[in-house]
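Worksheet: one structure, shown below.
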Amino acid sequence: MNARLRFVFLGLIALSAAIATAAVMMLATGGPGPRPAAAGDVGGAFALTDQDGRRVTEADFRGRYLLLFFGFTNCPDVCPLTLQRIADALSAHPALKEKLTPVLVTVDPERDTPAKLKEYVGFFGPEFRALTGTPEEIAAVLKAYKVYAKRTELPGSALGYTMDHSSLIFLYGPDGAFVTAFDPTLDATALGNEMERIVR
């Protein structure tokens with residue numbers, strides 16, 4: 001695949017991810033932009049492995065707000081940009097760090113080991129955590145949280161494949177109830193202001 005065709009191909013992947021994100025936003029929140037939703041609409045129980053190799057469940061995050069983003073460490077653009085926006089939003093609103101835990105859940109359990117995730121989220125701040133699991137465990141979480149993810153082969157690339165996925169940022173309350181979903185294209189200022197408005 002020459003450079004021009006590879007550019008077009010990756011552009012189509014990004015477009016399909018954007019469409020999937022918009023569809024999930026409509027499903028999760030009833031329309032574009034962050035808005036409240038009833039508890040239980042998006043999410044559920046899970047048992048996964050964190051970046052330190054410890055088994056955790058959704059109950060381990062109770063008592064604090066939980067900010068969930070689904071992505072993967074080999075993501076070339078959307079994932080690192082979104083995680084950096086979250087990091088910048090938290091830096092601009094330090095009080096949020098006392099009440100909220102940002103967590104990356106991988107959509108690529110085949111490659112994202114706990115050690116790899118620990119190194120990756122460490123770039124964004126010590127408050128970040130990451131979760132992985134078996135392919136079956138991750139598939140169950142993706143279904144419960146209404147996250148689209150699909151492996152896309154990259155013939156001729158050293159990466160072998162990429163993951164096409166939706167990229168909403170989900171916020172859960174201290175009681176585990178779904179609060180809202182944020183558009184990943186929100187800039188750090190807007191995201192920080194929205195979180196500060198909600199998180200009390």
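Details
- Highest average packing first - 94-100, 43-49, 62-68, Cβ atoms within 10 Å: 62-68, 43-49, 94-100
- Solvent-accessible heavy-atom area per residue, rounded to whole Å², over the stretch 41-109 at 1.4 Å: 38
- By definition, a body whose alpha carbon gyration tensor gives a ≥ b ≥ c is oblate when a/c is 1.5 or more and a/b is not larger than b/c, and the stretch 110-172 fits this oblate description.
- Estimated vicinal HN-Hα couplings, Hz - the stretch 67-80 in sequence order (Karplus 6.51, -1.76, 1.60; Gly, Pro = x): 9, 9, 10, 9, x, 7, 6, 8, 5, x, 8, 4, 5, x
- Alpha-carbon centroids, the stretch 153-200 and the stretch 107-123: separation in whole Å: 17
- Rounded percent of accessible protein surface that carbon and sulfur make up, the stretch 78-200, 1.4 Å probe: 58
- Under 5 Å, built H, 5+ apart or other chain: amide partners of V105: F69, F70, G71, L131
- Global form of the stretch 73-200, assessed from the alpha-carbon gyration tensor, a/c cut-off 1.5: prolate
The values are calculated or read from the model by the stated rules, or taken from the named source; none is laboratory data. All figures in this text were calculated on a predicted structure; none of them were measured in a lab. Counting neighbours? That spans all protein chains shown, and the Cβs are built from the backbone with ideal geometry, glycine included. Surface accessibility is based on the protein's heavy atoms, side chains included, excluding ligands, DNA and RNA. Shrake-Rupley method; radii C 1.70, N 1.55, O 1.52, S 1.80 Å.
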